[in-house]
1. Rounded to the nearest 20 debye, what is the charge dipole size of region 223-329 about its Cα centre when +1 sits on each Lys and Arg Cβ and -1 on each Asp and Glu Cβ?
2. About the Cα centre of the chain, how large is the charge dipole given +1 on each Lys and Arg Cβ and -1 on each Asp and Glu Cβ? Please answer in debye to the nearest 20.
3. Rolling a 1.4 angstrom probe over the protein chains, ignoring ligands and nucleic acids, what is the accessible area of Val108 in square angstrom, nearest 10?
4. Which of the listed residues, Ala278, Leu252, Phe291, is farthest toward the dipole's positive end in region 232-321, when Lys, Arg count +1 and Asp, Glu count -1 at the beta-carbon?
5. Once the mean 1/r over all distinct Cα pairs of region 66-223 is inverted, what Kirkwood radius in angstroms do you read off?
6. Note down the net charge around Thr29, summing +1 for each Lys or Arg and -1 for each Asp or Glu among other residues with Cβ under 15 Å from its Cβ.
7. Suppose each label sits 7 Å from its Cα in the direction of the beta carbon; what would the Asp134-Leu9 distance come out to in nanometres?
8. Relative to the longest principal axis of the chain, what angle (0 to 90°, nearest 10) does the C-alpha long axis of helix 125-139 take?
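The values are calculated or read from the model by the stated rules, or taken from the named source; none is laboratory data. All of these numbers come straight from a predicted model, not from anything done at the bench. Please note: Cβ atoms are built from the backbone with ideal geometry, for glycine as well, and neighbour counts cover all protein chains shown. Heads up: the accessible areas ignore ligands, DNA and RNA and are worked out on the full protein's heavy atoms, side chains in. Shrake-Rupley method; radii C 1.70, N 1.55, O 1.52, S 1.80 Å.
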Amino acid sequence: MTLAFTDILAAADRLKGHIERTPCRHSRTLSEITGAEVWVKFENLQFTAAYKERGALNKLLLLGDNAKKRGVIAASAGNHSQGLAYHAARLGIPVTIVMPRSTPFMKVQQTRAFGADVVLEGEGYDDASARAQDLCAERDLIFVHPFNDPDVMAGQGTVALEMLEDVPDLEVLPVPIGGGGLIAGVATAAKHVNPKISIIGLEPAMYPSFTAKMRGVAPGAGGSTIAEGIAVKQVGEVSYGIARPLIDEVLLIEEPYFERAVALYCNVEKTVAEGAGAASLASLLAYPERFKGRKTGVILTGGNIDTRLLASVLTRELVRDQRLVSLRIIGDDRPGFLATVSRVIGDMGANIVEVAHNRLALDVPAKGAEFDIMIETRDAQHTQDIMSALRDAGYPPRAV
């Protein structure tokens, strides 16, 4: 199977009026932080908050009347399922979605809200896909693959068309790889419009399926990643065949960079990104030398993140930046000790978030106590200033 630029142009025409024409905007602050000239494509502004509905809708619009009556089925960790469920319901097409049991509850809930029959099966995409194939045969449904289908890839490729219409002189596109559908479509479109543009694939370090296939080795994929949307153990054969000749290199992203990118989108751009959705920005943080000074198109592919996970990521970023620090102080267990320490911290302009004390720690004198005081500060330097003030007051702290 092949994918032609004309297929992507046809998909773009087909999708007009059915999806959002999302903005591609320059980010001055992200450019300053990363050293690249960053342009962000906000695909989290689609109705289902992800680019996936482009490919899903393109496939649905190409189905014949008989296929539409029979209904469709798909396996997905979330965004493909929501895009397919939403547009299938809009077009009056019955839809069944098989999702891994580990799928964030929000994505399951939203998919059901769009009218899909949701089946939870397996620990990851591959288990869910196998179950979906069985149900497809049992119920005589049409299988809509999330990435290994040229019609789906053509829909995803419209992202690049819009980006290059808005910013024709983009030099590099770092693109997340799960099954390979997005990068196949984006690379086909971008390389046709500008053969000199660099296409860089991005994978979670825990799920290097595309990289493994390039090297001819077993993937060895597995583990818990916040980029679950691209945590695929086996890249698609069709998508790989189309994308591989068009990709300049593939980079592996470690977990902390996904977290930092999610936090930056929230704190800098005031927008929400899921782990996989922040992969393009994460690559700029992980490999700044690859993008320094280059006009870089960053696709924020989706914003469907569990609220508790988002809260955890943002809190962890405060810890990483030393704006949320737990200080351990060993002192006398006497009235007024904690009040004195609190006064020093308060006079320095920090906020005390939590206090715990332990009288039973064996490395503390019997008449003493161990105090763990969590404080919120302005930045790492402010934290150091507070620790110095505590030492000067006779209460030397230790960060724990």
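1. On the way: 13 positive and 13 negative charges, 70 e Å.
It works out to roughly 340 debye.
2. Values: 42 positive and 48 negative charges, 74 e Å.
Taking the Cα centre of the chain as origin, the dipole is about 360 debye.
3. 10 Å²
4. Going by the Cα projections, it comes out as Phe291.
5. Numbers: mean 1/r = 0.0592 Å⁻¹.
Kirkwood radius, region 66-223: 16.9 Å.
6. Numbers: positive: Arg25, Arg28, Arg260, Lys270; negative: Glu32, Glu37, Glu269.
Combined, the nearby Lys, Arg, Asp and Glu give +1.
7. Here the answer is 4.5 nm between the modelled labels.
8. In the chain, helix 125-139 runs at an angle near 40 degrees to the longest axis.
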